[in-house]
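Structure, as structure tokens:
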Amino acid sequence: MQTKTAFSSKRFLLALMLCACSIILLQNDSIAADTSFTSQLIGIFAGLSVCFLLFLPAVYIKTHFDRDVVSLVSDSLPKLKIPVMTVYACYFVYTALYFLLPYTEMFHTKYFPEVSPCLITVLLLVCCVYAALKGVNVISRFGVFLFVFAMVTNFLMFGGSISELDWAHCTFALSGGIGEFFQNVVYFITPAFVIPIFACLSDSTQNFRLRQPIFALLFTGLKYTAVVFFICFALGDYARRQGFQTFLLSRVAHFASFAGIESFYQGLSTMSVFMIVSLLLCGITRSAEEGCRTKAIPLFAALILAGDVIAATNNSVKEILTDPTLFAAVTAAVAAVMPLIGILIGRKSNEQGNLHSIKHTGAAADGLQRLASD
């Protein structure tokens, strides 16, 4: 593996942006149906504004210490390394299941009903293990290809849906209650799951600038806006009666006799989830030694598979693991609290280092003074 190889932070943020787009790709009745496009648009940018605020502690660590949370804690206070990595590992396993479960359900219900969702999970996890063994640098390179593919898919999906637009399907006036509005805001906070990934894996990135996460969140918001707009005005009430609305949008898109680009949608959603789980596996084993990591990655992949099997056979567990409100709350806590702990530890370590340096310099000066007097 090549996890220590330095690579561009722009490329890493691009990969995280593409990961965040999977939120809208796998959207399945999570957005309140009784809200207008304008209300949903406000919810998008309100949620992403919260994501930006949650990003700031991790950004502070990168800009002031040029480290990530794990390396900063490991160097400054090694006793906290295991607790910190335990929190991240548990969260990353939970996040992997949050995306795998709706993805395999969508694949199972829309494409191959005769294929078990667990079998789909196995095949995807095998690919993710291979990518995680290659390291974050290689995965971020794949993000460049995925970005190009996403642009092609978006062009086909949106361009092919223009002829279906009907302004009677939805309204620009504000509609919906406070509860529905906050449901949308909470749902659009869930892209903050990329923050713990950044906070855990950004140590090897270089040339980081604050504008990079800002642009990543901005482009993510534009992608969400475009999808929501076409769902509202091209699909209308039909989308409210069906699941996985973005999939439906890809199905109705057409250019003359060429109809349906669901294969492009399926490819984009598959590669997005693949990249998410691969990065999560890298994050889980972030602090493991080089030799141990090759064993730890398949082990945690097996743990994720076990959770997927349990959720597939127990609907109550599945509902808990895929609940957007719970996921947003846990994500916000991990995204904010863990970097704040790292900042406190890093500052304390710097103060102690400066104090030690001052004492050392003072002792040396006293020694020179005594030698001069002798």
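The values are calculated or read from the model by the stated rules, or taken from the named source; none is laboratory data. Small disclaimer: the values here were computed from a predicted structure and weren't measured. Positions of Cβ are backbone-derived with ideal geometry, glycine not excepted, and every protein chain shown enters the neighbour counts. Ligands, DNA and RNA are stripped out before the accessible areas are found, and what is left, the full protein with its side chains, is counted by its heavy atoms. Shrake-Rupley method; radii C 1.70, N 1.55, O 1.52, S 1.80 Å.
Just list whichever of 134/223; 134/318; 223/318; 81/318; 62/348 have alpha carbons separated by over 19 Å in the model shown. Too far apart for the 19 Å limit: 134/223; 134/318; 223/318; 81/318.
Rolling a 1.4 angstrom probe over region 7-373 with all protein chains present gives an accessible area of which 68% lies on carbon and sulfur atoms.
Which one, (1) 21.3, 70; (2) 23.3, 99; (3) 20.2, 64, gives Rg and Dmax of the Cα atoms in Å as derived from the coordinates shown? Read-out taken from this structure: (2). Within the full protein context, the accessible area of residue 337 is estimated at about 70 Å² for a probe radius of 1.4 Å. By the equivalent-ellipsoid construction on the alpha carbon gyration tensor, region 31-100 comes out with semi-axes of 34, 18, 7 Å, ordered largest to smallest.
Separation of region 1-48 from region 72-92 is 26 Å, based on Cα centroids. Counting Lys and Arg as +1 and Asp and Glu as -1 over every other residue whose Cβ lies under 14 Å from the Cβ of residue 156, the net charge comes to -1. Counting only DSSP H runs of at least 4 residues, each contributing -39500 (n - 2.57), and dividing by the residue count of the chain, the helix-based mean residue ellipticity at 222 nm comes to -25000 deg cm²/dmol. Set against the 2.2 N^0.38 Å expectation for a compact globular protein, region 154-204 has a Cα radius of gyration ratio of 1.83. Measuring from centroid to centroid over Cα atoms, what is the spacing of region 301-352 and region 124-157 in Å? Here the answer is 23 Å between Cα centres. A 1.4 Å probe run over the protein chains yields, for the chain, 45 Å² of accessible area per residue, whole-number rounding.
Residue separation times 0.36 nm, minus the C-alpha to C-alpha distance between residue 319 and residue 60: what's the value?
Going from the current span to full extension adds 89.7 nm.
Helices assigned as whole DSSP H runs in the chain whose Cα atoms extend at least 30 Å along their own long axis and whose mean Kyte-Doolittle hydropathy is -0.5 or higher are found at 37-65, 81-110, 136-159, 262-284, 290-313, 324-373.
Considering all C-alpha pairs of region 137-257, those separated by over 17 Å amount to 69%.
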